[in-house]
Structures are given as structure tokens and as C-alpha cells.
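Reviewing the structure listed below.
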Amino acid sequence: MSDTNLPLAGIKVIDFTGVQAGPACTQLLAWFGADVLKVERPGVGDVTRRQLRDFPDLDALYFTMLNSNKRSLELDTKTPEGKAIMEKLIREADVLVENFGPGAMDRMGFTWEHLQELNPRLVFGSVKGFNEQSSYSDIKVYENVAQCAGGAASTTGFWDGPPTISAAALGDSNTGMHLAIGILTALMGRAKTGKGQKVSVSMQDAVINLCRVKLRDQQRLEHVGYLEEYPQYPHGTFTDVVPRGGNAGGGGQPGWILKCKGWETDPNAYIYFTVQEQDWGPTCQAIGKPEWADDPAYATARARQPHIFQIFDEIEHWLADKTKFEAVNILRKFDVPCAPVLNMKEIAYDPTLRASETIVEVEQKKRGKFLTVGSPIKFSSFTPAITGAPLLGEHTDEVLARLGYSAGDIARLREKKVV
Ligand code: CAO
């Protein structure tokens with residue numbers, strides 16, 4: 001499918017975002033065909049251009065992996081001329097997205113009221129750490145702060161260790177994905193009403209949305225005093241707060257991470273093993289314990305739970321001479337829900353993830369080839385083509401010329417460091 005036929009072709013997005021939460025949202029819109037213009041501080045740009053660099057002077061992978069398929073305009077929106085250019089862009093845009101610290105947009109003069117005056121059809125997407133009603137709404141927030149405020153940290157990790165952060169970007173990219181859904185919804189709404197609206201997503205709220213099963217567990221705990229799928233049941237103790245459950249399954253099917261051949265030297269020689277209620281019989285066959293299938297001490301979930309770790313120990317004996325891949329290849333034939341614990345190297349070089357374009361190799365100006373994520377959303381009529389990220393200000397001249405600025409005007413603006 002050519003770029004002009006992509007579903008979001010013709011949608012103009014001003015990407016006034018930085019770091020991860022905002023850029024992840026606008027990158028998704030760009031993949032699906034929107035014209036996404038990143039507005040960045042002259043000479044500085046998105047802070048991630050310089051964060052965790054692997055080569056001196058090159059845009060860092062942190063930046064290139066969150067800003068593919070976009071264009072870049074250098075613009076100081078705090079100067080009168082810069083503000084006037086931004087207003088021209090807003091007048092003709094469909095979407096404006098920002099994720100600055102609390103109050104920054106208002107301080108620049110871009111209040112929601114002013115944005116509506118400039119363009120009543122504008123969909124304005126905004127990310128903050130906390131929502132407007134929150135008593136923490138004045139606080140700046142990064143990923144791990146959101147994971148702590150959103151319930152993820154208190155419920156992740158082991159009961160005898162501290163609250164733990166997940167490596168998955170529950171606060172950042174997850175919030176960006178929520179915002180993208182909100183923006184697309186507002187665009188659908190605009191098609192009916194002709195009016196834009198403000199779409200706000202807080203990082204705390206987005207994390208809470210993903211922690212809904214823990215909110216389920218809090219209520220179950222209050223009703224019955226225990227949580228039977230947690231390792232604390234039945235021998236440990238429960239308080240009135242959802243505990244950390246280690247690697248226990250979060251649904252009705254118990255599971256755990258189990259050692260495979262080589263675990264002594266390879267920190268990822270493990271599989272996730274699920275004891276699925278409806279497939280207990282085949283599971284017993286798979287692990288060489290057919291006698292457990294009808295044994296009353298093993299045959300029901302309730303009977304197994306008091307000695308579930310003994311059962312996992314036995315399964316680990318069975319796994320001792322099998323690699324994680326060999327084990328999964330056997331277990332899959334018996335319908336056991338399982339997977340190897342894949343390390344990032346295995347993911348980076350997995351040929352099937354390359355074939356599905358979930359992981360893609362992209363050409364980046366100055367850098368050359370690098371690996372990044374492709375769209376995890378697969379469509380039947382197109383596959384988003386992932387391109388490189390823009391250099392800082394790569395499209396400044398082209399954008400200003402289209403707005404009617406002459407080469408002389410642009411040179412003057414550059415001299416005054418407006419662009
Ligand atoms: N021209 C002129 N000024 C610009 C500009 C431009 N093109 N782009 C940004 N600025 C200004 C902002 O207006 C702001 O100025 P003031 O503080 O004077 O109002 C300033 O740059 C810095 O903005 P900031 O507060 O967003 O930056 P920070 O580095 O201090 O904080 C962060 C970063 C992420 C903590 C904060 O932006 C935040 O809390 N954002 C909301 C939550 C969020 O999205 N976090 C996700 C981050 S991903 O981990």
C-alpha cells in the first residue's frame with residue numbers, strides 16, 4: 001500500500017513530545033500513515049537524542065526507536081516568532097500531542113482554551129504523570145514513578161523482597177498506546193460532530209488499567225481473607241493488602257518459572273509452566289507422571305494447591321535434562337500453556353519475529369542499520385513500513401517554505417535562533 005493510501009494518510013499531527021510516553025503515541029500514528037511533525041528546541045531537540053548514546057555525536061537508539069517515520073522542525077516556541085509559527089501549524093493540524101511537565105503548555109501560552117480558538121477541530125492529546133484530580137498532579141513523572149503510583153511495583157517481585165519495577169514500559173509506552181486509542185476515538189468523534197476535544201491520559205491511570213487483576217485480588221482478599229493462587233496460600237499469611245506473588249499465574253491457572261537444563265550457568269534457562277485445569281491429564285502424561293491424573297491428592301486444583309511447589313519441584317526433575325526449547329517442544333504437544341524465557345539476544349535475532357516484522361532492521365541517516373520494533377498490531381491490508389527517525393531540524397526549511405517563509409526569512413529566523 002502506498003503512503004497516501006495508509007489509513008491515517010492526510011492526518012496532520014504536531015508532535016510536541018519528548019522522552020518516551022508521548023513519542024511512542026505519535027510514532028504509532030506515524031506508522032499508520034499520519035504526517036507527524038516533531039517540534040523540537042533548536043540545537044537541543046528531544047532529550048533522548050543524547051541519552052545513553054552508543055556512539056558519540058549520533059542520535060541515541062533511545063531516540064531513533066521512538067521517532068521513526070516522523071519529520072523534525074527546530075522551533076523555539078517561547079519566542080514571539082516561534083509562537084506565531086506554532087500557531088500557524090496548529091491552525092492546519094488535526095492533532096497536537098504533548099507530554100511536558102505540569103503547566104508547561106500554559107506557561108508557553110498554549111492553554112486548551114487558546115488551542116480551541118486557534119482550531120476548534122483540533123484533537124489535543126496530553127500525557128501527565130497524574131490526572132487533574134490527583135493530589136500529585138503537580139509532580140513530574142518518569143516510568144518507574146508511575147509504576148510505583150499505579151500499583152505495579154507493590155504487586156511485582158517476591159514477598160521477601162522490596163517492591164519491584166517491571167522492565168516493560170508500563171508507565172511510558174503503555175500510556176502512549178492509551179493516548180493513541182484516545183486520539184483515534186476523538187478523530188472518529190470529530191467526523192460526527194466537526195469538533196475536536198482534549199484527550200488526557202495520566203501515567204498512573206494507564207498503569208492502574210493494566211493492574212486491574214490486582215484490584216480484583218484486593219476485593220477478593222477483603223471478601224475471603226486469602227488468595228488461593230498466590231504462593232502464600234495455604235501455608236503463609238495474608239494481610240489486608242494484595243501481596244507480591246513472585247512468578248505465580250495471575251488467573252485461575254497456577255504457574256511458575258521452572259529451571260531447565262543449563263540453569264546453573266545460563267540465567268535464562270527457564271520456562272514458564274502453567275498447570276491448566278482442563279488439561280491436567282495430558283499434563284501428567286507429558287511430565288511422566290501419569291499416576292497423578294487420578295490420584296485424589298493431585299486430581300483437582302484445590303487438592304494440588306497445598307503442595308503445588310512440590311509438584312513444580314517434580315516437574316523441574318523432569319526438565320533437568322531438557323533445554324528450555326526441547327521442553328517446550330514436548331509440552332506443546334500436550335497442550336500445556338508454556339514458553340521459553342527468551343533473553344533479548346534471542347528476541348533480537350529470532351527469524352520468525354523478523355519475518356512478522358515485529359522486529360525490523362532500519363536504515364538511519366548517519367548511523368546506518370539498527371534494530372527496532374515494528375508494529376505489534378497486524379493488519380490484513382497493509383504492514384506499516386518502518387523508516388528511520390529524522391535528524392534534528394531535518395525538515396525545518398521544507399516546513400517553513402510551505403508556510404510561506406522565504407529563504408531570507410528562514411536565514412533571519414535561524415540567526416535569531418528561533419529555528
Ligand atoms: N521551545 C521552547 N521551549 C520548549 C520547547 C520548545 N520547542 N520544548 C519544550 N520547551 C520547554 C517547556 O516549555 C518547559 O519550559 P518551562 O519549564 O519553563 O515551562 C521546558 O522546556 C522543559 O519541559 P519539561 O518540564 O517537560 O521537561 P523536564 O525535563 O523538566 O521534565 C518530564 C521531563 C518527562 C519529567 C516532564 O516532561 C513530565 O513530567 N512530563 C509528563 C509526564 C511524562 O510524559 N513523562 C514521561 C516521560 S518518559 O519517561
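Things to note:
- Crossing angle, helix 21-31 versus the chain [Cα axis fit, 0-90 degrees, rounded to tens]: 80
- Rounded to 10°, Cα long-axis angle of helix 80-92 versus longest principal axis of the chain: 70
- Each label point was placed 7 Å from the Cα along the Cα-to-Cβ direction; for residue 317 and residue 411 their separation is 8.4 nm.
- Sorting the Cα pairs of the chain by distance into bins of 10 Å, from 0 upward, gives 4, 18, 25, 22, 16, 10, 4, 1, 0 percent per bin.
- Only one residue of 310, 51, 152 has its Cα farthest out toward the positive end of the dipole of the chain, where Lys and Arg carry +1 and Asp and Glu -1 on Cβ, and that residue is 51.
- For region 262-419, the relative contact order comes to 19 percent (Cα pairs under 8 Å, sequence separation of at least 6).
- Approximate spin-label separation residue 158-residue 55, in nm, with each point projected 7 Å along Cα-to-Cβ: 4.1
- Note on residue 253 and residue 213: the model spin-label points, each 7 Å out from Cα along the C-beta direction, lie 1.1 nm apart.
- The dipole here belongs to region 255-336: it is taken about the Cα centre, uses +1 on the Cβ of Lys and Arg and -1 on the Cβ of Asp and Glu, and is about 180 debye.
- Selected from 359, 230, 283, residue furthest toward positive end of dipole (the chain; charges at beta carbon): 359
- Pair-distance distribution of region 269-399: all C-alpha pairs, bin width 5 Å, starting at 0; shares per bin in whole percent are 2, 9, 14, 14, 11, 9, 9, 9, 7, 6, 4, 3, 2, 1, 0, 0.
- Between region 184-216 and region 262-317, the alpha-carbon centres lie 41 Å apart.
- Measuring spread by the Cα atoms of region 76-163 yields a radius of gyration and Dmax of 17.6, 58 Å.
- Against the main long axis of the alpha-carbon atoms of the chain, helix 173-193 sits at an angle near 60°.
- One chain, two ends: residue 403 and residue 4. Fully extended at 0.36 nm per residue, the span grows by 141.5 nm beyond their Cα-Cα distance.
- Dipole axis of region 174-235 (+1 Lys, Arg; -1 Asp, Glu on Cβ), positive-most option in 185, 204, 174: 185
- Protection proxy ranking, highest mean first, for peptides 25-35, 399-409, 43-53: 25-35, 43-53, 399-409, where packing is the per-residue count of other beta-carbon atoms within 10 Å, averaged.
- Set of aspartates and glutamates with alpha-carbon distance to residue 322 below 17 Å, sequence-local pairs under 8 removed: 264, 266, 313, 314
- Kirkwood radius and radius of gyration were both taken over the C-alpha atoms of region 1-139, and their ratio Rg/Rh is 0.97.
- Chain lengthening between residue 12 and residue 378 when straightened (0.36 nm per residue, less Cα-Cα): 129.5 nm
- Summing charges over neighbours of residue 153, with a neighbour being any other residue whose Cβ is under 12 Å away from its Cβ, gives +1 when K and R count +1 and D and E count -1.
- Checking the Cα-Cα distances for 12/83; 345/366; 83/417; 289/324 against a 22 Å cut-off, the pairs over it are 345/366.
- Relative intensity, log₁₀ I(q)/I(0), of region 255-336 from a Debye sum that treats every alpha carbon as a point, q = 0.15, 0.21 Å⁻¹: -0.49, -0.94
- Percent antiparallel among DSSP beta bridges (both partners in the chain, rounded to 5): 40
- Relative packing of peptides 175-187, 264-276 - highest average C-beta neighbours within 10 Å first: 175-187, 264-276
Bear in mind that the values in this text are calculations on the coordinates, not laboratory data. In this text, all values refer to a predicted model and were calculated from it rather than measured experimentally. For neighbour counting, all protein chains shown are included, and Cβ atoms are generated from backbone atoms with ideal geometry for every residue, glycine included.
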